[in-house]
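Beneath this line is the structure, given in structure tokens, with notes to follow.
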Amino acid sequence: MTLPKHPRRLLVIIAEAALEKSLARDVRRLGAQGYTVYDVRGAGHSGIREGSWEADRSIEMKVICEAEVADRIAAHVLAEYGANFGLTLFLTDVEVLRPGKF
């Protein structure tokens, strides 16, 4: 049996945890129907983020939506938060089985 698949875009935002409420509000306002958030740790250009204290916490937010919505959200996040917060954003194409959710 072949399941019907529907194209969508996955936007992943890795950011300082202090942005979680603002990002959640922004992604919904800009057209996404939902998101998933994880607490994460890592190291990169800005140093090590171990999450051992509140100001050192990072999140990963995943948003599956239409491509134009993902692009709109990514552009807003970069413009609004990029200059003052640690951010990593990436996009990839995905296929979903329940298109009404996204």
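The values are calculated or read from the model by the stated rules, or taken from the named source; none is laboratory data. If you're wondering where the values come from, they're calculated on a predicted model, not measured in any experiment. Ideal geometry is used to build each Cβ from the backbone, glycine not excepted, and the neighbour counts take in all protein chains shown. To get the accessible areas, we keep the full protein, side chains included, count just its heavy atoms, and leave off ligands, DNA and RNA. Shrake-Rupley method; radii C 1.70, N 1.55, O 1.52, S 1.80 Å.
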Segment 25-41, residues that are in a helix (DSSP H, G or I) and surrounded by fewer than 16 Cβ atoms within 10 Å (Cβ to Cβ) = Arg25, Arg28, Arg29
Single condition Glu50 does not satisfy, out of (1) at pLDDT below 95; (2) touching a helix residue (DSSP H, G or I) at 6+ places or on another chain (Cβ under 7 Å); (3) surrounded by 15 or more Cβ atoms within 10 Å (Cβ to Cβ) = (3)
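This table checks each residue for (1) outside any loop (DSSP other than H, G, I, E, B); (2) open to solvent by less than 30 Å² (accessible area, probe 1.4 Å).
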position: Ile64; (1), (2): yes, no
position: Val69; (1), (2): yes, yes
position: Leu78; (1), (2): yes, no
position: Ala83; (1), (2): no, no
position: Asp93; (1), (2): yes, no
position: Gly100; (1), (2): yes, no
Considering only segment 1-24, state which residues are free of Cβ contacts under 8 Å to residues at least 60 places away in the same chain and open to solvent by 60 Å² or more (accessible area, probe 1.4 Å).
-> Met1, Thr2, Glu20, Lys21
